[in-house]
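Visitor: Quick one: the structure is below, and I'll ask about it shortly.
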Amino acid sequence: MSRESDIPIFHAPEKCIRTKKQMNLFSGSESERRFVHFIQELNTSVIGTKNGNIHVTTKSIQALLDILNQLEIWVSEISPTTSVTRYGNVAFRSWLAHLEKNSNVHYSLHRCRYTIERIYAGMKLIRNQDAKVELIPYILQSFGDPSRIDYGTGHELNFVALMYCLYSLGIFVKDDFSSLVNFVFKEYVKLVRKLQRVYRLEPAGSRGVWGLDDYTFLSFYWGAAQLVGHFSPNSVRDEKILKENSDDFLYFSSIKYIKEMKSGPLSETAPILYDISFLPTWKKINSGLLKMFKAECLGNFLVMQHFLFGSIITLEPK
């Protein structure tokens, strides 16, 4: 879809991949190429930077930050239940229901300083208000599954899809890219970690020690880009460096989170990340993580069966 022409007829995106054979409809398509290119451009924009060290310059960036902040406030307001359950805390369903209820009113949640209408104010698309039907499902699918009370890389991917859709609609521009990672994505990760801790969300489709991480992937891909020119890869094995710099770098923050959530040395709790720390440069790690992302996320049926396709990110017969 062109960003300035060929305005689509917006419709609610939905899960379309139901068989492994249908994976071929997205793999190698122009839609996938554009989405991956967006993810790579975000990566390029944060090479050698730190979380929060790029000034927020647009109301659209601030609007998304305000939404995430409101969602975090709701976590404090919707306490976990005291009833004992084997997997997760059912109060998470109440939190998601609250999100859905308010998103159906005007998407940006009525107590936020900026509503989605304010985000749309700078849009030049003729049918900009119609785009809400396309955007709402992505944010509803960005924080976990209510029936399974779990969260994983598929939910993370839907949040990135939301950012991509907003970019495709002209709400974000390339000058916003570093802020989308260093501000918005950082706050998103902070929020979902709080959801994981408070409501005891299970890892969705976790491969245990055979996977990169239980919950996230792009924190490591973009995080490796941030670390170029700062620390050597073996720094992840240095507790002092992790403690002092985890607020500045997504990668360090993610390693620190693993150490907080799991007992035992990194070589046992996250052996792939441990092995990666012996590679010579962050540039090499970053390149390898992109290949792994394409295979483990975009090429993974267990992830893509939950991904949403609409008029912006399309799934079309070949």
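Visitor: Spot the failing condition for F183; the list is (1) among the aromatic types (F, W, Y); (2) open to solvent by 10 Å² or more (accessible area, probe 1.4 Å); (3) outside any helix (DSSP H, G or I), and only one is missed.
Guide: With respect to (1) among the aromatic types (F, W, Y); (2) open to solvent by 10 Å² or more (accessible area, probe 1.4 Å); (3) outside any helix (DSSP H, G or I), F183 is out only on (3).
Visitor: Next question. Looking only at the range 277-299, filter to residues that are outside any helix (DSSP H, G or I) and of a type outside the set (G, A, S); which one of those is farthest from G229 (Cα to Cα)?
Guide: If we filter the range 277-299 for residues that are outside any helix (DSSP H, G or I), which is where we start, we get 277-281, 299.
Next, only the ones that are of a type outside the set (G, A, S) stay: 278-281.
Details: F278: 16, L279: 15, P280: 12, T281: 9 Å.
Restricting to residues being outside any helix (DSSP H, G or I) and of a type outside the set (G, A, S), the top hit is F278.
Visitor: For the range 77-104: of the residues being within 24 Å of the chain's Cα centre (by Cα) and among the basic types (K, R), which is modelled with the highest pLDDT?
Guide: Of everything passing the filter in the range 77-104, R93 is modelled with the highest pLDDT.
Visitor: How many residues, within the range 253-275, are over 22 Å from the mean Cα position of the chain (by Cα) and open to solvent by less than 60 Å² (accessible area, probe 1.4 Å)?
Guide: Of the residues in that region, 5 qualify.
Visitor: How about the range 212-237: which of its residues are surrounded by fewer than 19 Cβ atoms within 10 Å (Cβ to Cβ) and either over 16 Å from P280 (Cα atoms) or touching a Gly at 6+ places or on another chain (Cβ under 9 Å) (or both)?
Guide: Those that are surrounded by fewer than 19 Cβ atoms within 10 Å (Cβ to Cβ) and either over 16 Å from P280 (Cα atoms) or touching a Gly at 6+ places or on another chain (Cβ under 9 Å) (or both): V228, G229, H230.
Visitor: Suppose the filter is open to solvent by less than 10 Å² (accessible area, probe 1.4 Å) and farther than 20 Å from S103 by Cα; does F143 pass it?
Guide: Working: open to solvent by less than 10 Å² (accessible area, probe 1.4 Å): yes; farther than 20 Å from S103 by Cα: no.
Against the criterion (open to solvent by less than 10 Å² (accessible area, probe 1.4 Å) and farther than 20 Å from S103 by Cα), F143 does not qualify.
Visitor: Moving on to the next point. Checking E156 against (1) surrounded by fewer than 23 Cβ atoms within 10 Å (Cβ to Cβ); (2) at pLDDT 95 or above, only one condition comes out false. Which one?
Guide: Only one criterion in (1) surrounded by fewer than 23 Cβ atoms within 10 Å (Cβ to Cβ); (2) at pLDDT 95 or above is unmet by E156, namely (1).
The values are calculated or read from the model by the stated rules, or taken from the named source; none is laboratory data. Everything numeric here is computed off the predicted structure, so don't read it as measured data. Cβ coordinates were reconstructed from backbone atoms using ideal geometry, including for glycine residues, and neighbour counts include every protein chain displayed. Note: areas computed on protein heavy atoms with side chains; ligands, DNA, RNA excluded. Shrake-Rupley method; radii C 1.70, N 1.55, O 1.52, S 1.80 Å.
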